[in-house]
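To start, the structure itself, in structure tokens.
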Amino acid sequence: MLAEQQIADSVRWACEQEVNAPKPGNVNVWSDGHNMAVQDFLSSAAAIAPVMAQPNLKVGERILQSIKATRKVVDCNTNLGIVLLFAPLCDAIQRCSSFDQLSSELEKTLAALTIEDARLCYEAIRLADAGGMGQQAEEDIHQQPKVTLRKAMELAQNRDTIALQYVNNYQQVWDIGYKQLTEALKCGEKVEWASTIAYLYLLARVPDTLIIRKQSRHIAQTVAQKAQLFILKMNKNRPLSKSTAELTVWDQELKSHAINPGTSADMTAAALLLFAFEQAFDSNRISVARCL
């Protein structure tokens, strides 16, 4: 089992690495944007880490308390998507004695979500003041929920990739984000570049639903095609770090048009959290071996 502090450290590390990665269009160490700064994200990471690690919290409570903690340190929405993705993972990991159990325990967490979880989640979304949500015919966040949180996410899955993860047990996080992140790290990439690679794959394969909501599906598809061009360059044995100038230009172009691939960034953060949990279990195993 991971200790509470290990979970908190993993959460904070994943959030920090996400913003440290030079991901085009997002707030990152190369440039601020969208009326937010890197420090806003670092402060938010520190705020949610202990909440996410708390034992005996329901998923809805973990979500709402994390957003409340965030709003105490920043006055903007830095991490709603991250919180929505992290809360079930942090619930499931507390029942795992090995990293290999996480996927099955995550499915149990998602299957057990309640109407109360939905009510608390809706409150958190309203508190975070997320953009582009609009009003919905079914399960509007401004109303009291009539279904469980998983069912609410099922109703939203076609317009929100984060909602889709609640339905398919984080398939895109595992199969794209985590897979590309770990493969890049095994090839010797530094964490910030491995994170950016994972982000580009997510962006290319899953049109960003924040862009779709705030701009249009056409713009999201155009951004996805651009991400694919960088992937093609990498597949021709050109390290992504050699494309710094092109990435910087694209980053500035996206921000100048207020285009923020925020969903892809949140999914990247979730992939980083999976990796952090895996490393924490590996650390425990090494420590036990040394004691034998």
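Summary of computed values
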{"item": "Criterion: modelled with pLDDT of 95 or more, surrounded by fewer than 16 Cβ atoms within 10 Å (Cβ to Cβ) and part of a loop (DSSP other than H, G, I, E, B) - qualifying residue of Asn158, Asn237", "result": "Asn158"}
{"item": "Check on Glu246, of a type in the set (Asp, Glu) and under 25 Å from Gly33 (Cβ atoms)", "result": "yes"}
{"item": "Hits in segment 82-95 (condition: closer than 18 Å to Met153 by Cα and either β-branched (Val, Ile, Thr) or without any contact (Cβ under 8 Å) to a residue 12 or more places away in the chain (or both))", "result": "Ile82, Val83"}
{"item": "Selection within segment 27-81 - free of Cβ contacts under 8 Å to residues at least 24 places away in the same chain, under 16 Å from Leu120 (Cα atoms) and either touching a helix residue (DSSP H, G or I) at 6+ places or on another chain (Cβ under 9 Å) or surrounded by 21 or more Cβ atoms within 10 Å (Cβ to Cβ) (or both)", "result": "Val51, Gln65, Ala69"}
{"item": "Cβ pairs under 9 Å, 6+ apart, first in segment 234-258 and touching a residue at least 12 places away in the same chain (Cβ under 8 Å), second outside any helix (DSSP H, G or I) and of a type in the set (Asp, Glu)", "result": "Pro239/Glu189; Leu240/Glu189; Ser241/Glu189; Lys255/Asp32"}
{"item": "All positions within segment 211-261 that are closer than 19 Å to Leu185 by Cβ and basic (Lys, Arg)", "result": "Arg238, Lys242"}
{"item": "Any hit, segment 240-247, residues being surrounded by 16 or more Cβ atoms within 10 Å (Cβ to Cβ), β-branched (Val, Ile, Thr) and outside any loop (DSSP other than H, G, I, E, B)", "result": "no"}
{"item": "Evaluation of Val223 against (1) touching a Pro at 6+ places or on another chain (Cβ under 9 Å); (2) surrounded by 15 or more Cβ atoms within 10 Å (Cβ to Cβ); (3) within 17 Å of Trp193 (Cβ to Cβ) (one fails), failing number", "result": "(3)"}
{"item": "Segment 207-232, residues that are under 20 Å from Pro22 (Cβ atoms) and not in a helix (DSSP H, G or I)", "result": "Asp208"}
{"item": "Residues of segment 2-50 satisfying the condition of being modelled with pLDDT of 95 or more, assigned to a loop (DSSP other than H, G, I, E, B) and over 13 Å from Asn79 (Cα atoms)", "result": "Leu2, Ala3, Ala21, Pro22, Lys23, Pro24, Gly25"}
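The values are calculated or read from the model by the stated rules, or taken from the named source; none is laboratory data. This is a predicted model, so every value here is computed, not measured. Here the Cβ is made from the backbone with ideal geometry for all residues, glycine too, and neighbour counts use every protein chain on show.
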